[in-house]
Amino acid sequence: MSEAPADPRATPIEIIRRRVRLAYNAAAARAWTRLPRVSEDGLNAISFLFPVGEAFFCRSVAHYRGRITDPALREAADQFIHQEANHSREHARSNAALREANVLGAELESVARILLGIAKTIWPRATQLSITCALEHFTAILASRLLSKRLLYKDGTDPAFANLWLWHAAEEIEHKAVCFDVYEHIFGRGFWAWMHRIFGMVLVTLTGAIGLLIAFSVVRVKLFFRPRRAAKATGAGAAPSGPSLRNLFGSLPISTYTAYFRRDFHPWDEDDRALLEAWKREHPGFGLPDHHHTAAA
């Protein structure tokens, strides 16, 4: 009789410090994946959110590091900050190639900078941590979905961009509970702490929806003109579609989002360690010091 898998809440997940530096090529930045064009556009657009977003995450958790009395959680917070800082750096590098290739979605970086700048100005640090917990919930959902479709990145894709997204997704799963655990460690699990956590998710949902609507509207205006020029020059047919999160999140049950509103919610209620372990088996040593990557794994 097989043993039941260990509870990830009770069994700490190893958060690994990887050193990843991939070689991005602007020539490969357009059509770097076999995913539908609309999904690739969506991922490219999201990539422009990450440099400023990950910096916000690091700042939110680092502010409370000195108040963490649990050594294991303090170490996890340090690993979280290390991983997020690496994500910010690598996406900034990949975004440079995307800009050179003139891909869609760069407008999102300005939107994110404005919205998070406002958040840092008007909201106290506690609310900023609550906002970070909510954003980490969204990134964990995206990470799980990407790793579940990782085989689509095997052939016919640019290895640097594919590895960027799969590595990022794996680490998002590794540390998906850290910010949440820091929040509960500092503020507890009482009614008002729960309400404040929910308030952060409501803020993220409303402002994020407005920001994405504005940015994607700008992109679609650009698309209205771009395909006509391309068609005249190349005889191309149908116009490409604009970025959409529907292809990335559309088939997920709404419960993956609404579960966050439960008072007893924890990120590891969704146990996707199997996806993480599968990626690690397929990419042994990826980003570790003695397997330092400058190109594809």
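Annotations
- Odd one out for CYS179, checked against (1) of a type outside the set (Lys, Arg); (2) buried (at least 23 other Cβ atoms within 10 Å of the Cβ); (3) closer than 20 Å to SER94 by Cβ: (3)
- Cβ-Cβ contacts under 6 Å between residues 6 or more apart (or on different chains), taken from a first residue in segment 257-270 that is surrounded by fewer than 12 Cβ atoms within 10 Å (Cβ to Cβ) to a second residue that is of a type in the set (Phe, Trp, Tyr) and at pLDDT 95 or above, are absent.
- Here segment 103-151 is the region considered, the condition is being under 12 Å from the mean Cα position of the chain (by Cα) and open to solvent by 40 Å² or more (accessible area, probe 1.4 Å), and the residue that is farthest from ALA62 (Cα to Cα) is PHE138.
- Exclusive hit being surrounded by fewer than 21 Cβ atoms within 10 Å (Cβ to Cβ), modelled with pLDDT under 90 and either in contact with a Leu (Cβ under 6 Å, 6 or more places away or on another chain) or aliphatic (A, V, I, L, M) (or both), set GLY211, GLY156: GLY211
- Criterion applied to LEU151, LEU135, LEU142, LEU166 was being without any contact (Cβ under 8 Å) to a residue 60 or more places away in the chain and more than 17 Å from ILE13 (Cβ to Cβ), and the one residue passing it is LEU151.
- Residues within segment 107-142 that are acidic (Asp, Glu) and either at pLDDT 95 or above or under 15 Å from TRP194 (Cα atoms) (or both), tallied: 1
- Counting only helices (runs of 4 or more DSSP H) that fall entirely inside segment 16-102 and contain at least 3 residues that are in contact (Cβ under 8 Å) with a residue 40 or more places away in the chain and open to solvent by 50 Å² or more (accessible area, probe 1.4 Å), the qualifying elements are 71-100.
- Residue within segment 171-179 that is within 22 Å of ARG18 (Cβ to Cβ) and either touching a Cys at 6+ places or on another chain (Cβ under 7 Å) or small (Gly, Ala, Ser) (or both) present: yes
The values are calculated or read from the model by the stated rules, or taken from the named source; none is laboratory data. Just so we're clear, the structure is a prediction, and the values are computed from it rather than from any experiment. Virtual Cβ from ideal backbone geometry, glycine too; neighbours counted across all protein chains shown. Each accessible area value is taken on the protein alone, full model and side chains, heavy atoms only, with ligands, DNA and RNA left out. Shrake-Rupley method; radii C 1.70, N 1.55, O 1.52, S 1.80 Å.
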